[in-house]
Ligand SMILES: Cc1cc2nc3c(=O)[nH]c(=O)nc-3n(C[C@H](O)[C@H](O)[C@H](O)COP(=O)(O)OP(=O)(O)OC[C@H]3O[C@@H](n4cnc5c(N)ncnc54)[C@H](O)[C@@H]3O)c2cc1C
């Protein structure tokens, strides 16, 4: 994503610096600028080059596994924010994020229907589809499927377009965006952050929000902060279907099939902890295609488009670091969104904006994500 460099030469001071131009840094820039703050985002490469530009774009708060109840609730909140947010973004940015709101379908094999009909919440009976309903809704599903669970609240979109929308929306509110600007060091005076040093010189602000995903430890280490985030590699493949046969997103425990505009489908994803490169292996492709064709046999006739791999930023305890880092005044973290950063971008932007406006972590209900928990861990306090 190339941005105009108008502000690059002129502006060196702002109220808030946001470091990192992935979906998290861009959502934060959008929310802060909507709140009237003077915001500048610095991105070391190009916006969306990190994990965010490699995601599937699913907003699956109901189906994804979360490490804690607090995180699940936070994800749910984000999902609720997304609908009106996308409308606002469309208005302000004119970017179409291609929101697909057909819902997600979790198919199961013949013999499982009885089991699901006994355990499903009676209020949700209509979301248990039998074989004929499933085949009516998704004619291209395998004949081996005996039914499905339907999740109408799960949606999906184009992640790169969402980032573009956040950025354009924030620019309209006056935020400045600089790419190819890598932060090497935080500048501190008397326990307060005063700015950052970059390959393009010094930028100053009283508040700095770090949203650099897996890049965070590289420069936070210089002031003694070690988040120990680690990559979980994910590989995906995109195909072109011969006709628009799939509207619902198919979500199973070991593969998802995500229909996108122009008859594309995206199939994902592998999950390789500490995988630290962007190569796609032949065996990953083989596995993904094998699992996907097991559910949608027509995929065998699709044309190959491209593959890619991305690195999800995971934390040791599976919870993101969100909020003020109490040992350095003015420093905030928003790091470690693992496999749900696209979904969590809205609530992260909202939360950072509330914190910078003076609300506390307790008031917002995000205590277990506190960025300061690493200080306690270091001191052996639990
Ligand atoms: C295959 C795959 C599928 C996924 N599918 C989904 C999905 O369907 N739904 C979902 O919600 N999530 C999904 N995710 C997860 C999601 O992509 C991540 O959680 C999210 O992108 C994290 O966003 P981020 O902004 O924190 O990190 P990033 O996107 O990695 O952004 C961090 C940015 O910081 C920049 N940076 C780093 N160091 C510096 C520095 N020193 N100075 C300046 N800039 C710096 C980087 O260049 C980068 O652009 C998926 C991920 C993968 C890999």
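Laboratory data are not the source of any read-out in this text; all were calculated from the coordinates shown. Computed from a predicted model, the values in this text were never measured in an experiment. Note: ideal-geometry Cβ built from the backbone for every residue, glycine included; neighbour counts use all protein chains shown.
Kirkwood's formula applied to the C-alpha pairs of the range 54-209 gives a hydrodynamic radius of 19.5 angstrom. Over the C-alpha trace of the range 137-180, radius of gyration and Dmax come out as 19.5, 54 angstrom.
From most to least packed by mean Cβ count within 10 Å, the peptides 279-289, 171-181 give 171-181, 279-289.
For the range 235-287 versus the range 68-129, the inter-centroid distance based on Cα atoms is 19 Å. Given a Förster distance of 51 Å, report the FRET efficiency between residue 110 and residue 187 from their Cβ-Cβ distance, rounded to the nearest 0.05. According to the calculation, E is roughly 0.20. Fewest-first ordering of 247, 92, 337 by other beta carbons within 10 Å of each residue's beta carbon gives 247, 92, 337. Relative contact order of the range 274-382, taken over Cα pairs closer than 8 Å and 6 or more residues apart, is 24 percent.
If you fit an axis through the alpha-carbon atoms of helix 159-172 and take the longest principal axis of the Cα set of the chain, what angle between them do you get, 0 to 90°, nearest 10? Computed tilt is about 40 degrees.
Taking Cα atoms, how many degrees apart are the long axis of helix 341-356 and the longest axis of the chain, rounded to 10 and kept between 0 and 90? The helix 341-356 is inclined about 30 degrees to the chain.
Fraction of C-alpha pairs exceeding 22 angstrom in the range 1-131: 56 percent, rounded to a whole number. Give me the Kirkwood hydrodynamic radius of the range 126-248, using the inverse of the mean 1/r over all pairs of distinct Cα atoms, in Å to one decimal. Across the range 126-248, the inverse of the average 1/r is 19.8 Å. When you restrict to C-alpha pairs under 8 Å that are six or more residues apart and normalise by the size of the range 140-259, the relative contact order lands at 14 percent.
Where only DSSP H runs of four or more residues are counted, the chain gives -9000 deg cm²/dmol as its mean residue ellipticity at 222 nm, each run worth -39500 (n - 2.57). Taking 0.36 nm per residue of sequence separation and removing the Cα-Cα distance, the residue 242/residue 98 pair yields an extension gain of 49.9 nm.
Note on residue 35 and residue 67: the model spin-label points, each 7 Å out from Cα along the C-beta direction, lie 2.4 nm apart. Helix 69-93 and the longest principal axis of the Cα set of the chain meet at an angle near 80°.
A viscosity of 1.002 mPa s and a temperature of 20 °C, combined with the Kirkwood radius over C-alpha pairs in the Stokes-Einstein formula, give the range 76-134 a diffusion coefficient of 147 µm²/s. Stokes-Einstein diffusion coefficient for the chain at 25 °C in a medium of 0.890 mPa s, Rh from the Kirkwood formula over Cα pairs: what value in µm²/s? It comes out at roughly 113 µm²/s. By the count of other C-beta atoms within 10 Å, a proxy for reagent exposure, 68, 78 are ordered fewest to most as 68, 78.
Gyration tensor over the Cα atoms of the range 149-207: the corresponding equivalent ellipsoid has semi-axes (square roots of 5 times the eigenvalues, largest first) of 35, 16, 12 Å. Taken over the Cα atoms of the range 84-171, the convex hull encloses 116 Å³ per residue. Dividing the mean sequence gap of close Cα pairs (under 8 Å, 6+ apart) by how many residues the chain holds gives a relative contact order of 23 percent. With neighbour counts taken as other beta-carbon atoms within 10 Å, the residues 30, 102, 256 rank, fewest first, as 102, 256, 30. Modelled spin-label separation between residue 304 and residue 277, with each label point placed 7 Å from Cα along the Cα-to-Cβ direction: 1.9 nm. With all pairs of separate Cα atoms included, the range 246-304 yields a Kirkwood hydrodynamic radius of 12.4 Å.
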